[in-house]
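Okay, structure first, notes after.
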6 protein chains.
Amino acid sequence: MTETIVILETQVDDMSAQAIAYTMEQLLQNGALDVYTQAVGMKKSRNGTLITVICHCDRQSICEQILFRETSTLGIRYRWQERKILHREIHEVATEYGKARVKMAWRDGFWTIQPEYEDCAKLARSHHVPLTRIQEAVKLAGESLLEISKANL
Amino acid sequence: MTETIVILETQVDDMSAQAIAYTMEQLLQNGALDVYTQAVGMKKSRNGTLITVICHCDRQSICEQILFRETSTLGIRYRWQERKILHREIHEVATEYGKARVKMAWRDGFWTIQPEYEDCAKLARSHHVPLTRIQEAVKLAGESLLEISKANL
Amino acid sequence: MTETIVILETQVDDMSAQAIAYTMEQLLQNGALDVYTQAVGMKKSRNGTLITVICHCDRQSICEQILFRETSTLGIRYRWQERKILHREIHEVATEYGKARVKMAWRDGFWTIQPEYEDCAKLARSHHVPLTRIQEAVKLAGESLLEISKANL
Amino acid sequence: MTETIVILETQVDDMSAQAIAYTMEQLLQNGALDVYTQAVGMKKSRNGTLITVICHCDRQSICEQILFRETSTLGIRYRWQERKILHREIHEVATEYGKARVKMAWRDGFWTIQPEYEDCAKLARSHHVPLTRIQEAVKLAGESLLEISKANL
Amino acid sequence: MTETIVILETQVDDMSAQAIAYTMEQLLQNGALDVYTQAVGMKKSRNGTLITVICHCDRQSICEQILFRETSTLGIRYRWQERKILHREIHEVATEYGKARVKMAWRDGFWTIQPEYEDCAKLARSHHVPLTRIQEAVKLAGESLLEISKANL
Amino acid sequence: MTETIVILETQVDDMSAQAIAYTMEQLLQNGALDVYTQAVGMKKSRNGTLITVICHCDRQSICEQILFRETSTLGIRYRWQERKILHREIHEVATEYGKARVKMAWRDGFWTIQPEYEDCAKLARSHHVPLTRIQEAVKLAGESLLEISKANL
């Protein structure tokens, strides 16, 4: 499956980490698919930040507005790009610690199972159990679910 | 003013960014003064993560427990170290956008004023105004407060 | 406002930080709009450097020449890309510390003011005053200038 | 359990990524416990590299020799430091893909199981199966082993 | 000389450095021209990894398969891009330490000589001589070879 | 040869790259031996900066003052540490491009030669020759000087 997305990029050297994190928050709340920052070495010994925003075409305008409003940039580069994506399904599974969602994707001939972070983190916090232990339990429950589905075919 | 703090350090190459962020959250909620991560180049082309925890001596034990519980590390380095700190005061100031706290510190012959991020972010979100604009307004209000204090001496 | 720019990229693993900084200097002196470097993890545990050059189309040729002359690269990727830019004006303002230029840009419904770094740094050095204090004074003077302009309309 | 280790540190700005990776290889072959590099921003817009070596005290001398021989450094900082380490055991487990070793450590009230990377990578390469699938199978086998041990007590 | 290449990009936040390094290995063994990783700051305080693959068009499909198989990504961005490359020749030269290959490229009006890393590293290991000393000797031998070629014209 | 130095460290998340670069400049002008910055992942998705200053003990006080004056930090960690340093000599050598200084150091049984960057950069700029070509010429001249010294013993 292929879809078209927009990549916005701009690098800044006169913003604080606080203000960049706030910009990231605003972008994600307004429909950006993903936002990430990278440390870049710039002229005059400045270690600035490259901000990259990935969004659908109908969100390009609002994301540009936020970048111009919240950052000090005077120029935003953009390009349209193709992206191959996997079909994914969300299911809920039950574990000894409680319920959690898993994301399942069909990948290279088999299903992969990715436990939803927020659900696992919540269970880990309330049970005082290591996060990785919860994630393993959820993954195992996801695999059982998959076995049952296969058996029912 | 000088105080003694503990620095805990460990590097990992078999953990996800999700699990490291969760560890950071747990450390900060259990009394760590600060936690930061750094990308490190390790053997076998692995770009691992160095985790550094700064805490008071009475929190060393719980922070070590969290590191051993939430990370894959088998060894934690620690050292006690001196830290020079500035005297700081928290005040609340009023702006056209609402109230916010400022942190004031006496530094090299003058007071500096640092607006509290969370207060400013909250005002920025509710007024749909750039964060930096709020921070400037809060800083200005802080400076007025300082002038009044001086005048009253 | 939109303009077309060229992005040149190349990653190196057999150059020193000194030589990369010199390359950056040469690129900026020959018309590159911006140059930045990023630490990248490469094969065989090498932490190399990705060099990105942003320039106008008429500077592409000279920037490529410099990259081929000063770096060890055998291949340079390039792409033409659109960039949205803000209208900006340079003004000079006076402060208690001396004069400095400010860059003003019309952004999302209001003007932003960015003090010119070199002017501020010069004043900070000669007055032995924190750079941020100078920048705040210059910004304040810029805002006064803006108020006067508005009043005169 | 606590042991004393030595930390060696030096930053360089006139070496290539190739030469730094070779230095890392030499250090690990001569008894360093761990070596890692970090990208650092240095004077004159140089993005240099901080090299950190962790070794036992009886390896300090040879590691310093390698750093002085293979890098351009003229100064090496060193400090002795305490490290808390967990008791660990190596076991071999069998999976449907073949045998692999696991490292087991007693941590915060329970055992953790870490599949040996090289064993898993070897199985993944020969079976053309995702590495993470192998690691999960090995971990599961490790857990079964642990259950049996507990039952036998 | 210009050629068309494909750039594949994906960022992950739930993989370990071990698994990313293994992915890199698989990509290079299956025809990728280059692979590099970058530390990126992502949402929720996660320091993830951006993976970039550069390959010829006929390798795009296999590289995408490997990314979908070995990483946790659900989406891969790709673009076709032009790359300017230099003509290069491989020659073998003899030094007092043994033979080594050099890569020669015609660049901006003169030939540059790049000693092959693996050959130099092998000689450095067997002679217990600093790598840089070997590289210098190989480079010098390469320059002599070049002088002879010119004289023979 | 061993000497005692001081390491100052502080991490910031509310400063711009410009202001950090200015701080670095001020520290180096006031006697810091070296200053470097590192990108660090901090709480609340902030990618802050860790600033490290290396200085002699008699410069600790002024460097701390600069950090408190120019950065937003409220706390500076410091430690005294031992550093092994090599004996080094500065010599001037002549090349076809002009004169340049070289730093010579006795290292692991032989002399190493490091061309002075500023001298080489100056020659490269005025001759429009790649920096690396100048550095190689200077290094070669340094080696000849060394051969003559040995012959004269």
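The values are calculated or read from the model by the stated rules, or taken from the named source; none is laboratory data. Source: prediction; values computed, not measured. Using ideal geometry, Cβ is built from the backbone for each residue, glycine included, and neighbour counts are taken over all protein chains shown. We work out accessible area using only protein heavy atoms, side chains counted, and drop any ligands, DNA or RNA first. Shrake-Rupley method; radii C 1.70, N 1.55, O 1.52, S 1.80 Å.
Quick notes on this one:
- In the full protein context, chain E carries 41 Å² of accessible surface per residue, based on a 1.4 Å probe and ignoring ligands, DNA and RNA.
- Under Karplus coefficients 6.51, -1.76 and 1.60, residue-wise ³J(HN,Hα) of the stretch B:62-79 in Hz, glycine/proline x: 5, 5, 4, 4, 5, 4, 5, 7, 9, 10, 8, 5, 10, x, 10, 8, 9, 8
- Inter-chain shielding of F:127-137 (mean C-beta neighbours from other protein chains, 10 Å cut-off): 5
- Treating r as the C-beta distance of E:GLU89 and A:ILE62 and R0 as 60 Å, the FRET efficiency rounds to 0.70.
- Amide H contacts for E:LYS43 (H built 1.01 Å from N in the peptide plane; partners 5 or more residues away or on another chain; cut-off under 5 Å): A:VAL35.
- The value of relative contact order for the stretch B:5-85, using C-alpha pairs under 8 Å at least six residues apart, is 47 percent.
- Relative to the other identical copies, B:ALA151 shows label-point distances of 2.1, 8.1, 8.2, 8.2, 8.8 nm, where the label point lies 7 Å from Cα along the Cβ direction and values run shortest first.
- Pairwise centroid distance, computed over Cα atoms, of the stretch E:66-143 with the stretch C:59-92, Å: 26 Å
- Charging the Cβ of each Asp and Glu at -1 and of each Lys and Arg at +1, and nothing else, the dipole of the stretch C:87-151 about its Cα centre rounds to 120 debye.
- Computed about its Cα centre, the charge dipole of chain B is approximately 280 debye, with only Lys, Arg, Asp and Glu carrying charge at their Cβ.
- Principal axis dimensions, largest first and in whole angstrom, of the stretch D:26-153 by Cα: 59, 37, 25
- When chain E is turned onto chain C, the axis of that turn runs closest to one Cβ of chain E, and that residue with its distance in whole Å is E:GLN38, 3.
- Derived scalar couplings between HN and Hα for the stretch F:10-27 equal 7, 10, 10, 10, 10, 10, 8, 4, 4, 5, 5, 5, 5, 4, 4, 4, 5, 5 Hz in order, rounded to whole Hz, by the Karplus curve 6.51 cos²θ - 1.76 cosθ + 1.60 (θ = phi - 60°), x for Gly and Pro.
- 3J(HN,Hα) along the stretch B:126-136: 6, 9, 6, 10, x, 3, 4, 5, 4, 4, 5 Hz, from the Karplus curve 6.51 cos²θ - 1.76 cosθ + 1.60 with θ = phi - 60°, whole Hz, x for Gly and Pro.
- Selection among F:MET104, F:LEU50, F:ILE62 by position relative to the dipole of the stretch F:30-104 gives F:LEU50 as farthest towards the positive end (Cβ unit charges, Cα centre).
- For D:ILE85, label point 7 Å along C-beta direction: distances to other copies, nm: 3.4, 3.4, 4.7, 4.8, 5.8
- Estimated from helical segments only, the mean residue ellipticity of chain F at 222 nm is -12000 deg cm²/dmol, where each DSSP H run of four or more residues counts as -39500 (n - 2.57).
- Per-copy distances of the F:LYS99 label point, shortest first, in nm (7 angstrom along Cα→Cβ): 4.2, 4.6, 7.1, 7.1, 8.3
- Cβ neighbours within 10 Å from other chains - mean over E:5-17: 6
- Taking every lysine pair in chain D that is 8 or more places apart or spans two chains, those with Cα atoms closer than 23 Å amount to 9.
- Placing E:TRP106, E:TRP80 in order of accessible area, with the largest value first and a 1.4 Å probe, yields E:TRP80, E:TRP106.
- Under the combined filter of DSSP loop state and at most 13 neighbouring Cβ atoms within 10 Å, the stretch C:60-153 retains these GluC sites (Glu not before Pro): C:GLU96.
- With 0.36 nm allotted per residue and the present C-alpha distance subtracted, the A:TRP80-A:SER144 stretch has 19.0 nm of extension available.
- The overall shape of the protein assembly as shown is rounded: from the C-alpha gyration tensor, with semi-axes ordered a ≥ b ≥ c, the ratio a/c is less than 1.5.
- Within the accessible area of the protein assembly as shown, the carbon and sulfur atoms contribute 50%, probe 1.4 Å, all protein chains present.
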